[in-house]
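Structure, as structure tokens:
The values are calculated or read from the model by the stated rules, or taken from the named source; none is laboratory data. Computed from a predicted structure; not experimentally measured. Counting neighbours? That spans all protein chains shown, and the Cβs are built from the backbone with ideal geometry, glycine included.
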Amino acid sequence: MSLSTLRLALDWTPNSNHAGFYLALEKGWYKDAGIDLIIMPPSPDYSHDETPARRVVHGTADLCVCPSESLISCWSSDSGKVKPICIAALLQNDTSAIAVPVSSGITSMAQLDGKKYASYGGRFEMKIIEQMIKDAGGEGTVIEVVPPKLQCFDSVLSGDCHATWVFMGWEGVQVRNKVDLKYFPVTASGVPYGYSPCLLASPSLCAEKSELLKTFLAVTAKAYQLAAADPKAAALAMLNSGHPTLQDLGLKFLEDAQEFLSHGGHYLDGNGRWGTMSVDKWERFVNWLCENECLAYRDGSLVSRHALSVGDMVSTSFLPDAI
């Protein structure tokens, strides 16, 4: 049987958010379904042109993992005509938070005024951080510092910066019982944050190879359902991938990270389905970005809310048992 190749660009070093992909690979489920899945971790420098969504836009990847901001950025940009489509949410519940060392004495987001925040350079990131600070009673005068993307968390642990954005199911587990950090969940703020991470596909893949995409998602959903039921199996699959970072972290850490997501109910919705998304949730986040003037073209003019159709940007029609 000849295999159809699909190239998947990850948003980060392989981690527990990606467990389903690695579990399906180890089980041989993709190949059994006629798919040769190639996973593309980010390059060490993680340049602007090599972000996951950019790889899909430039045609060097067919699929990518990224936060919802990346999708909205592509659709509100005046550069290029390729508009990726969000086809699934990897997690049903956002696990991201702003982390600060307990030793800093910071007990409220408001106290980040005048402090250094290690930014990933995301288009909307600082707007979200500033609004979280304002919601907590601050002025939003945090200082943005942009280290290499893969070193943001390390810059906080080393004391170079006061805060950064982390995933509780990864960095939060990594430093558990080692470093005392205080976390401010993004979803606990007044920002109606979207899905993170989610799965994007190239429009050509959606239009020309819809059956292949449906097959890929059916296999992936099956794998994430197994990860939810058996986090130890998911952790072992990650370890067996041979990625050096995962080898260094070890099986115990990977099991703890999987336990956080699997038993925390993050992978599946209330009906046990993976990948499902709420249009209302997408609408709320897009509305917030527009209302806070986060979306602008290169000439500085603001993107009209009417120029963005969530119905065009997001599709759950490729998921198993799509409604």
The stretch 106-137, residues that are closer than 19 Å to Pro192 by Cα, crowded, with 16+ Cβ neighbours inside 10 Å and over 24 Å from the mean Cα position of the chain (by Cα) = Ala110, Lys134, Ala136
Among what's in the stretch 220-235 and is out of contact with any Gly (no Cβ under 9 Å at 6 or more places or on another chain) and surrounded by 21 or more Cβ atoms within 10 Å (Cβ to Cβ), pick the residue that is nearest to Gly270 (Cα to Cα).
-> Pro231
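Does Gly190 satisfy the condition of being assigned to a loop (DSSP other than H, G, I, E, B), of a type outside the set (Lys, Arg) and either surrounded by fewer than 23 Cβ atoms within 10 Å (Cβ to Cβ) or modelled with pLDDT of 95 or more (or both)?
Values: assigned to a loop (DSSP other than H, G, I, E, B): yes; of a type outside the set (Lys, Arg): yes; either surrounded by fewer than 23 Cβ atoms within 10 Å (Cβ to Cβ) or modelled with pLDDT of 95 or more (or both): yes.
Yes.
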Which of the residues belonging to the stretch 203-261 are among the β-branched types (Val, Ile, Thr) and modelled with pLDDT under 95?
-> Thr245
Selection status of Gly122, farther than 30 Å from Gly265 by Cβ, in a loop (DSSP other than H, G, I, E, B) and outside the structural domain of Leu199 (by TED's automatic domain parsing) | no
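For the stretch 79-104, name all the residues that are among the small types (Gly, Ala, Ser) and within 28 Å of Val57 (Cβ to Cβ). Break it down stepwise before answering.
Taking the stretch 79-104 first, the residues among the small types (Gly, Ala, Ser) are 79-80, 88-89, 96-97, 99, 103-104.
Within the stretch 79-104, Ser79, Gly80, Ala88, Ala89, Ser96 qualify.
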List pairs: first in the stretch 177-205 and farther than 17 Å from Phe285 by Cβ, second crowded, with 23+ Cβ neighbours inside 10 Å and among the acidic types (Asp, Glu), Cβ under 9 Å, 6+ apart or cross-chain?
-> Leu181/Glu171; Ala201/Asp62; Ser202/Asp62; Ser204/Asp62; Leu205/Asp62
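For the stretch 168-179, state whether one or more residues are in a helix (DSSP H, G or I), touching a helix residue (DSSP H, G or I) at 6+ places or on another chain (Cβ under 8 Å) and among the polar types (S, T, N, Q).
Of the residues in the stretch 168-179, the ones in a helix (DSSP H, G or I) are 171-174.
Remaining after also requiring touching a helix residue (DSSP H, G or I) at 6+ places or on another chain (Cβ under 8 Å): 171-174.
Next cut, among the polar types (S, T, N, Q) only: 174.
Yes, the stretch 168-179 contains at least one residue that is in a helix (DSSP H, G or I), touching a helix residue (DSSP H, G or I) at 6+ places or on another chain (Cβ under 8 Å) and among the polar types (S, T, N, Q).
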All positions within the stretch 236-252 that are surrounded by fewer than 19 Cβ atoms within 10 Å (Cβ to Cβ), of a type in the set (A, V, I, L, M, F, W, C) and farther than 14 Å from Leu23 by Cα | Leu251
